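> Take this structure, written in structure tokens, and hold onto it; I'll ask about it next.
Laboratory data are not the source of any read-out in this text; all were calculated from the coordinates shown. This is a predicted model, so every value here is computed, not measured. Don't worry about glycine lacking a Cβ; one is built from the backbone with ideal geometry, like all the others, and counts go over all protein chains shown.
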Amino acid sequence: MIGVTGVTGNLSEFRACRRRLHQNIAMAGTGVLDEIVDTARYPLDAPDSARWREAVAAARTDLAADGCTVLREFIRPELTERLRAEGEAMAPHAYYRTEQVNAYNIPLDTDLPADHPAAIVLERGNAFVPRDRIPADALIHRLYTSAPFQRFVADCFGLADLHEYADPLAGLCLNVVAPGMSHPWHFDTNEFTVSMLTQLPDAGGEFEYCPNIRTPHAENLADVRAVLTGTGERFVRRLALRPGDLQLFQGRFSLHRVSPVSGAAQRHSAIFAYTDQPGVIGTAERTRQLFGRVLPAHVERDSVVRGDRLLD
Ligand SMILES: O=C(O)CCC(=O)C(=O)O
Ligand SMILES: [Fe+2]
């Protein structure tokens, strides 16, 4: 008898202890995060709970419909001024180099028919602050490296796993669009993008996108051309982003841009780059174009034959 009650007592104690342990493990990853993210609204502290699944399902519904979802006020609204100020402090480290590009990010001398939309040359005037200029305690850095955040984003995209882009410069960037500049129309070469506006410009600088204007099976060149030449308004949607909103975007099929910025203030957005394979690093050539310098990791990477066939 004593044995039975004793066991029962131990068992319930054991269960309570195990529950506390699980809570502690969850909180170890989210305690800091809870200061940044309103976990009542975005339950990063409760992976795989009903609330978590609900938030993920909502994001997936949006993504399936048009490749984009915006999680409003993902950063607690009382922190948006700090978010903005941190971005402003790092913005002077952006590397400026206006680049002639096309919407497909393929070489401008590619042999194509004259009326192909890739023959339309655009000016990429946005500049990037690289990861090694972003303090480890900046809100965007803490979010980028947070395990529950990564788990949540992976779930929203329906990915089994997600890894920080191992590139020491391109993993996390602040995208700076100065007055008079834009980030012109393009398709992304990566499958998914995670970003967060940190500072609004005075005017312009809108995120514009054409949901699924192309598909894996059809380039729909005439439609793309219409957008690039300013007659495709019917394809264009605009997002009224606010600092602290989290944007999940699948830009391979949806042509998109940041429209020209005007007024005095720059537009700042954090780009959280993740890959579905670990250990990915950009080429030295591309790194130099984007950041004006390379690190030993890029040089080493180029001398190693990679086991994957990923685009840079
Ligand atoms: O900065 C943004 O909001 C958009 C960035 C973007 O389209 C990209 O980095 O590919
Ligand atoms: Fe993009």
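> Mean Kyte-Doolittle hydropathy of -0.5 or higher plus an axial Cα length of 18 Å or more: which whole DSSP H helices in the chain meet both? List each step's numbers first, then the result.
On the way: long enough: 2-36 (49 Å, 0.09); 50-66 (24 Å, -0.29).
For the chain, where a helix must reach 18 Å along its axis and average at least -0.5, the hits are 2-36, 50-66.
> Here's another thing I want to ask about it. Order by neighbour count: THR229, THR39, fewest other Cβ atoms within 10 Å first, most last. Could you put the intermediate results ahead of the total?
Working: THR229 10, THR39 17.
So the ranking, lowest neighbour count to highest, is THR229, THR39.
> May I ask you to evaluate 6.51 cos²θ - 1.76 cosθ + 1.60, the Karplus curve with θ = phi - 60°, for each residue of the stretch 210-216 and list the ³J(HN,Hα) values in order in whole Hz, giving x for glycine and proline?
10, x, 6, 5, 10, 10, x
> Kindly rank 176-188, 69-81, 45-57 from highest to lowest mean number of other beta carbons found within 10 Å of each residue. The partial results should precede the final answer.
Values: 176-188: 19.9, 69-81: 16.8, 45-57: 14.8.
Output ranking for 176-188, 69-81, 45-57: 176-188, 69-81, 45-57.
> Starting from the eigenvalues of the Cα gyration tensor, five times each then square-rooted, give me the equivalent ellipsoid semi-axes of the stretch 15-299, largest first, whole Å.
On the way: eigenvalues 211, 93, 71 Å².
Equivalent ellipsoid of the stretch 15-299: 32, 22, 19 Å, largest first.
> With contacts defined as alpha carbon pairs under 8 Å and 6 or more residues apart, what's the relative contact order of the chain in percent? Present the calculation step by step, with values, prior to reporting the outcome.
Numbers: 578 pairs, mean separation 69.8, N = 312.
Once divided by the residue count of the chain, the mean separation gives 22 percent.
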